[in-house]
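What follows is a single structure, written as structure tokens, with notes after it.
The values are calculated or read from the model by the stated rules, or taken from the named source; none is laboratory data. A quick note: this is a predicted structure, and the numbers were derived from the prediction, not measured. When we count neighbours, we look across all protein chains shown, and the Cβ atoms used for this are built from the backbone with ideal geometry, even at glycine. Only protein heavy atoms, including side chains, enter the accessible area calculation; ligands, DNA and RNA are left aside. Shrake-Rupley method; radii C 1.70, N 1.55, O 1.52, S 1.80 Å.
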Amino acid sequence: MSDIQALVWEAGAPVLRTRPAPRPQQPDDVVVRVAATGICGTDRGIVLGEFPALEGVVLGHEASGVVEAVGPGVSMVRVGERVVINPTYYCGRCRPCRRGMAAHCVAKDGREIGVDRDGTMAGAVVIPERFACPLPDSMSLRHATMVEPLACVLTNVQAAAPRVDDRVLVVGGGPIGTLCALVFAHRGARITLLERDTARTALARDILPGAVDVVTSEGTGLGLPAGVLPEGPDVLVDTTGVLLEEALETVAVGGTIVVMGEREHARADIALRSLVTRGVRVVGAGPYPPHLFEAALDLAGELPVDRLVTDEFPLDGYRDAFAALGARPSPAERTAGYTAMKVLLVSDPELALR
Ligand SMILES: [Zn+2]
Ligand SMILES: [Zn+2]
């Protein structure tokens, strides 16, 4: 492989650069030729200056591709194999890892793909082989880009631990909220999805099965329209990550609130007594452990997750790609609205179809 194109974080903005093609650095490294990368809330946060990334790092982490080269110690994957990348590093040796909580591995610094280690918005990426997960023949590389966000969602659904008769409210109709609704619906729960942005409400309605009630948020607070879930939801998943106070006023007695999303500055002023008297559980799930990434890979084969992909751009169309998510690289030309659900940056259009 000759030089590659890569979307690099430089001086507070993403910029397309030409770089030498990566090679295996360690015996267990594989080089993956990237098909496509989904743009996630984290990438959007980096571009908007709300989430820190290392200067000079290649962005992107929700990707699939084909193994292009392998180090001498690689035994689990072979050249030519189609894979999805698990970008969440774990060492397997620290105490959280040993206790089955690899998502909370303490050795992540310098190893988070697309944040402080080179990511996937590029022609190719190098990763240790255990983070390259082979795809079933039936799954396209495009479909596989949704496995990583699905793994995030499964982790939070598991933390919610819903009962079979729970009424579930998902707050926020972006890709994560829409995937949440899809997973809860797949489990047979009664779901309401609440979204404020009218374009995204329409997209979510279009994508989700009829069993999911998609409603537009009105007024202040959560803005649940009158008559919707009058007795409160038993499970409330806040994918905005900033609405805990409002969620506590809305959730049913004995209910569970799952706080999703990493909002650096989000705070809440809550009446602690109401947790006790109303028996409410507030949980955070953290990133996914490796076994839930594998579960997401299995489940992705059963769910129409690729329907969330509304827009695809080549790497050099990254400005338009971020703009479709209301995030223009320059604050002066920033827009507020979304026109897309999931946006893919396509590194290799031929591969992405496979
Ligand atoms: Zn992500
Ligand atoms: Zn660890």
Taking interchain pairs and intrachain pairs at least six residues apart, which have beta carbon atoms under 6 angstrom, with the first residue in region 164-190 and surrounded by 24 or more Cβ atoms within 10 Å (Cβ to Cβ) and the second among the charged types (D, E, K, R) and in a loop (DSSP other than H, G, I, E, B)? none
Test of understanding: among Gly56, Gly73, which residue is open to solvent by 30 Å² or more (accessible area, probe 1.4 Å), more than 25 Å from His265 (Cβ to Cβ) and away from ligand 2 (no atom under 16 Å from the Cβ)? Gly73
The lone condition Asp28 fails out of (1) in contact with a Ser or Thr (Cβ under 9 Å, 6 or more places away or on another chain); (2) open to solvent by less than 10 Å² (accessible area, probe 1.4 Å); (3) away from ligand 1 (no atom under 16 Å from the Cβ) is (2)
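Yes/no per residue for (1) in contact with a helix residue (DSSP H, G or I) (Cβ under 6 Å, 6 or more places away or on another chain); (2) more than 30 Å from Val346 (Cβ to Cβ); (3) away from ligand 1 (no atom under 16 Å from the Cβ); (4) part of a loop (DSSP other than H, G, I, E, B):
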| position | (1), (2), (3), (4) |
| --- | --- |
| Val83 | no, no, yes, no |
| Thr88 | no, no, no, yes |
| Gly92 | no, yes, yes, yes |
| His143 | yes, no, yes, no |
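Name every residue in region 204-213 that is in a strand (DSSP E or B) and surrounded by fewer than 21 Cβ atoms within 10 Å (Cβ to Cβ), in order of residue number.
The initial filter retains those residues of region 204-213 that are in a strand (DSSP E or B), namely 212-213.
Correct list: Asp213 only.
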State which residue pairs qualify: first residue open to solvent by less than 10 Å² (accessible area, probe 1.4 Å) and inside region 32-53, second residue within 10 Å of ligand 1 (Cβ to nearest atom) and in a helix (DSSP H, G or I) in any location, beta carbons under 9 Å apart, and separation of 6 or more residues or different chains. Thr37/Asp43; Gly38/Glu148; Gly38/Pro149; Gly38/Pro175
Taking region 96-122 and keeping only residues that are in contact with a helix residue (DSSP H, G or I) (Cβ under 8 Å, 6 or more places away or on another chain), away from ligand 1 (no atom under 15 Å from the Cβ) and closer than 24 Å to Gly38 by Cβ, one is left with Ala102, His104, Cys105, Ala122
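So, Leu141, is that one within 19 Å of the chain's Cα centre (by Cα), away from ligand 2 (no atom under 16 Å from the Cβ) and within 30 Å of Gly232 (Cα to Cα) or not?
On the way: within 19 Å of the chain's Cα centre (by Cα): yes; away from ligand 2 (no atom under 16 Å from the Cβ): yes; within 30 Å of Gly232 (Cα to Cα): no.
It is false that Leu141 is within 19 Å of the chain's Cα centre (by Cα), away from ligand 2 (no atom under 16 Å from the Cβ) and within 30 Å of Gly232 (Cα to Cα).
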Go through (1) open to solvent by less than 10 Å² (accessible area, probe 1.4 Å); (2) among the hydroxyl-bearing types (Ser, Thr, Tyr); (3) part of a loop (DSSP other than H, G, I, E, B) one by one and return the number of the condition Thr201 breaks. (3)
Quick check: anything in region 246-253 farther than 20 Å from Arg190 by Cα, touching a residue at least 60 places away in the same chain (Cβ under 8 Å) and crowded, with 21+ Cβ neighbours inside 10 Å? no
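Within the group Cys105, Cys94, which residue is buried (at least 20 other Cβ atoms within 10 Å of the Cβ), within 13 Å of ligand 2 (Cβ to nearest atom) and of a type outside the set (S, T, N, Q)?
Cys105
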